[in-house]
Every structure is written in structure tokens, then in C-alpha cells.
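The values are calculated or read from the model by the stated rules, or taken from the named source; none is laboratory data. None of these values were measured; they are calculated from a predicted model. When we count neighbours, we look across all protein chains shown, and the Cβ atoms used for this are built from the backbone with ideal geometry, even at glycine.
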Amino acid sequence: MDSDHAVVFFDGECVLCSRTVQWILRRDRRGIFRFASLQSPVARQLFPAATGETVILRLGQATYTRSAAVVRICWLLGGWWRMVALLVFLVPAPLRDAVYRLIARYRFHWFGRQACMIPPPQERWRFLE
């Protein structure tokens, strides 16, 4: 894995997660993010106990999960997203993570399930699989 890039590990079977990856791709003008599904061999090797109920952000040697990963992703996107990150960061982590777990628990019911996301050809190089 390239330590110069932030790697977002996401549930490749979750519509909400795939849409979130697409959302990040559109806003990542500096190209700092790379992606891998939690079902990929690289994710299973790095995080064997990880479930699809969490997003994982690997940044250098640091690993962030749940709402901490979301806050860090917004921060790294820069611009106005840093303001969003600051506002969300002000919410106590246990409360942020409780909301995150609620959304994660019902994500398939609310947003649906799909086969693993196939990245668009022009973005395929940003995926580790």
C-alpha cells in the first residue's frame, strides 16, 4: 500500500457505501484517496475481523473507523469540507458513533444491497483490487 495516499475501505455490497465512494471521487481533486472494498484480499489481510458495518480509513500508519474515519475524510477533502469536519468533530465521539452504528445497522434496508461496485474506467487506477 502506498503511504502517500489515504485508503478508504468500504463495504462493496452496500449501495450507501458505494455512493459515498463516488461522492468522495467527485470531490477529491488532489487525488489523495485510494479505495478497496472490505471484501477484497488486501482488506481481509489487513483487517481480518472487519465487518461491512464500518468504514476504515488507513492514513500512513494510522487507522480510523466509523465516525472518526468520516471526519478525517472530510478534513482531507479540504475546502468547505474542513468546516463540516470541525462541526462533526465537536459532537462527542460516543454520540457520533452511535448515530453511525444506527445507520450501518439499517443501511441495507434503507438503501439496498448490490454486487461489488465496479469503478468507472477513468477511476479504476484508484482502486486497490
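The table for this structure:
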read-out	value
Tally, over the stretch 29-75, of residues that are of a type in the set (Val, Ile, Thr), part of a helix (DSSP H, G or I) and either surrounded by 19 or more Cβ atoms within 10 Å (Cβ to Cβ) or within 13 Å of the chain's Cα centre (by Cα) (or both)	3
Failed condition for residue 96, given (1) in a helix (DSSP H, G or I); (2) under 13 Å from the mean Cα position of the chain (by Cα); (3) modelled with pLDDT of 95 or more	(2)
Unique match (being out of contact with any helix residue (DSSP H, G or I) (no Cβ under 8 Å at 6 or more places or on another chain) and in contact (Cβ under 8 Å) with a residue 40 or more places away in the chain) among 39, 45	39
Residues of the stretch 1-28 that turn out to be more than 11 Å from the chain's Cα centre (by Cα), hydrophobic (A, V, I, L, M, F, W, C) and under 14 Å from residue 128 (Cα atoms), as a count	1
Candidate set from the stretch 9-28 (those that are outside any loop (DSSP other than H, G, I, E, B) and touching a helix residue (DSSP H, G or I) at 6+ places or on another chain (Cβ under 7 Å)); member that is nearest to residue 79 (Cα to Cα)	27
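Rundown of residues vs (1) in contact with a strand residue (DSSP E or B) (Cβ under 7 Å, 6 or more places away or on another chain); (2) without any contact (Cβ under 8 Å) to a residue 24 or more places away in the chain; (3) among the polar types (S, T, N, Q); (4) surrounded by 13 or more Cβ atoms within 10 Å (Cβ to Cβ), yes/no style:
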| position | (1), (2), (3), (4) |
| --- | --- |
| 81 | no, no, no, yes |
| 84 | no, yes, no, yes |
| 104 | no, no, no, yes |
| 112 | no, no, no, no |
| 119 | yes, no, no, yes |
| 122 | no, yes, yes, no |
| 125 | no, yes, no, no |
